[in-house]
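K.L.:
Structure provided below as structure tokens; questions to follow.
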Amino acid sequence: MSTSPTVHNWTDAYVLLVQRAESLRGSIELHPGTPERQRWPRTTGADVITIAAVIDPHVRLLPRGFGTLALQRRWHACMDDIERLALGTLGETYPENRALWSCLAAVFAHLASVDAPLPDPAMWSVLIAELGFALAVTVRNIGPKGDSPIKQFDGVKTYHELYLKLYNYLRELRGADRMKPEADMLGSERPIPRTTNADVIALADYWTKQLGKVKKVYGHDDIVARWKAALVDVDQLARKGDPNAVYAKNNGFWRTLAMTARQISVADEAPDKWDIILESFKHSITHLPENLKAGAKAIASGAAEVAGSVAEGAGRVVNQAAKGVFGGFGVPFLVGGGLLGLFLISRAKSSKTERQP
């Protein structure tokens, strides 16, 4: 695989990134031939995680100055969207591509305006070379099997897609209210379906069964705890109430269901032993830049045996089984998976501490 052209400035970097993304995924264009023309790549959830993992450190290290605080707040909002949406759409078109690429354009322009240090050439080469291949191994025979609750939908490929179908269907069927999160809830103001007690019981039973079947990947225990708390209310209120009455705690139920469905979708799409791989990243995350450089050398040399040795070093796992876990996926997964590990771990840490501008 060839290396990327030399990047002399942040403008070059942005143009190269857009061209690479569009060549792989195509693009969406609005108002062509007018001053209001807008265009952005049709990147997937895995693509945007890969990009964000490389760009985020540069945004965090921006020196204080005119426009920096506003830009970082905007970037943090985009990262929140990625955390909320991209993990459930690894192999699908990322739903917030328009906002993300607008944000990226502003970020690259600001980095150029303050003469920020350019990205490491080896890491940038890996990003460009591997964009489109990162985590491709996770897109396999996945998705819901058998009957779904409430209504059957054709062509549903992932659990995240099934959740969205159910959400939109019930919102139209029952109506919805725009509701803000209460004190103990996460998220922002959003339309909440006026689902009945019978609807909620059917949804709770189905998603409980799916959560019990999927692998325990990163974040599993937290989601299980939240879901069990929601089920206590379902048991006390929905199962003992009038089946046709509106469920009293729809606001909290739908917010928890959204997180639960995303977790199920991610776990369902994850390859075997994904939890072991993520666990290994916790020990080696500070060495990711040199691991990526080693990955770039492996790509350039085409040496399969290098991929296994790089993987073993990246995982900091001493037994030989580690080489088999990583080596079977090859360099594309090593690089893409490493960036996903970086993204997950950095987001987990940032959620526990207040962001500093």
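K.L.:
Go through the residues of segment 51-62 one by one and say whether even a single one is under 26 Å from residue 262 (Cα atoms), among the small types (Gly, Ala, Ser) and either in contact (Cβ under 8 Å) with a residue 60 or more places away in the chain or crowded, with 22+ Cβ neighbours inside 10 Å (or both).
P.N.:
Filtering segment 51-62 for residues under 26 Å from residue 262 (Cα atoms) gives 51-57.
Imposing the further condition that a residue be among the small types (Gly, Ala, Ser) reduces the set to 52-53.
Subset that is either in contact (Cβ under 8 Å) with a residue 60 or more places away in the chain or crowded, with 22+ Cβ neighbours inside 10 Å (or both): 52-53.
For segment 51-62, residues under 26 Å from residue 262 (Cα atoms), among the small types (Gly, Ala, Ser) and either in contact (Cβ under 8 Å) with a residue 60 or more places away in the chain or crowded, with 22+ Cβ neighbours inside 10 Å (or both): present.
K.L.:
Within segment 129-182, how many residues are at pLDDT below 80 and either assigned by TED's automatic domain parsing to the domain that holds residue 197 or of a type outside the set (Phe, Trp, Tyr) (or both)?
P.N.:
Step one: of segment 129-182, the residues at pLDDT below 80 are 129-142.
Checking which are either assigned by TED's automatic domain parsing to the domain that holds residue 197 or of a type outside the set (Phe, Trp, Tyr) (or both) leaves us with 129-132, 134-142.
Matching residues across segment 129-182 total 13.
K.L.:
Moving to a separate point now. Going residue by residue through segment 76-98, is there one that turns out to be aromatic (Phe, Trp, Tyr) and either at pLDDT below 80 or not assigned by TED's automatic domain parsing to the domain that holds residue 16 (or both)? Walk me through it before giving the result.
P.N.:
First, the residues of segment 76-98 that are aromatic (Phe, Trp, Tyr): 94.
From what's left, either at pLDDT below 80 or not assigned by TED's automatic domain parsing to the domain that holds residue 16 (or both): none.
No, that holds for no residue.
K.L.:
Show the residue pairs that are 6+ apart or on different chains and have beta-carbon atoms under 7 Å apart, the first residue being within segment 185-201 and in contact (Cβ under 8 Å) with a residue 24 or more places away in the chain, the second being of a type in the set (Val, Ile, Thr).
P.N.:
These pairs meet every condition: 194/246; 196/246; 199/150; 200/234; 201/234.
K.L.:
Being more than 11 Å from the chain's Cα centre (by Cα), closer than 25 Å to residue 38 by Cβ and among the small types (Gly, Ala, Ser) is the filter here, so list the residues in segment 55-105 that pass it.
P.N.:
Matches in segment 55-105: 67, 70, 77, 99, 102, 105.
K.L.:
Next question, about the same structure. Scan segment 79-119 for residues that are out of contact with any Asp or Glu (no Cβ under 9 Å at 6 or more places or on another chain) and of a type in the set (Gly, Ala, Ser) and jot them down.
P.N.:
The answer is 102, 105, 106, 109, 112, 113, 116.
K.L.:
Is it the case, given these coordinates, that residue 38 is at pLDDT 90 or above and either of a type outside the set (Phe, Trp, Tyr) or touching a His at 6+ places or on another chain (Cβ under 8 Å) (or both)?
P.N.:
Numbers: at pLDDT 90 or above: no; either of a type outside the set (Phe, Trp, Tyr) or touching a His at 6+ places or on another chain (Cβ under 8 Å) (or both): yes.
No.
K.L.:
Next question, about the same structure. Sort out which residues of segment 245-269 are small (Gly, Ala, Ser) and closer than 12 Å to residue 84 by Cα, and write them in order of number. Steps first, please.
P.N.:
To start, the set of residues in segment 245-269 that are small (Gly, Ala, Ser) comprises 245, 248, 252, 258, 261, 265, 267.
Within segment 245-269, 258, 261 meet the criteria.
The values are calculated or read from the model by the stated rules, or taken from the named source; none is laboratory data. Note that the structure is predicted; figures quoted are calculated from it, not measured. Backbone-built Cβ (ideal geometry, glycine too); neighbour counts: all protein chains shown.
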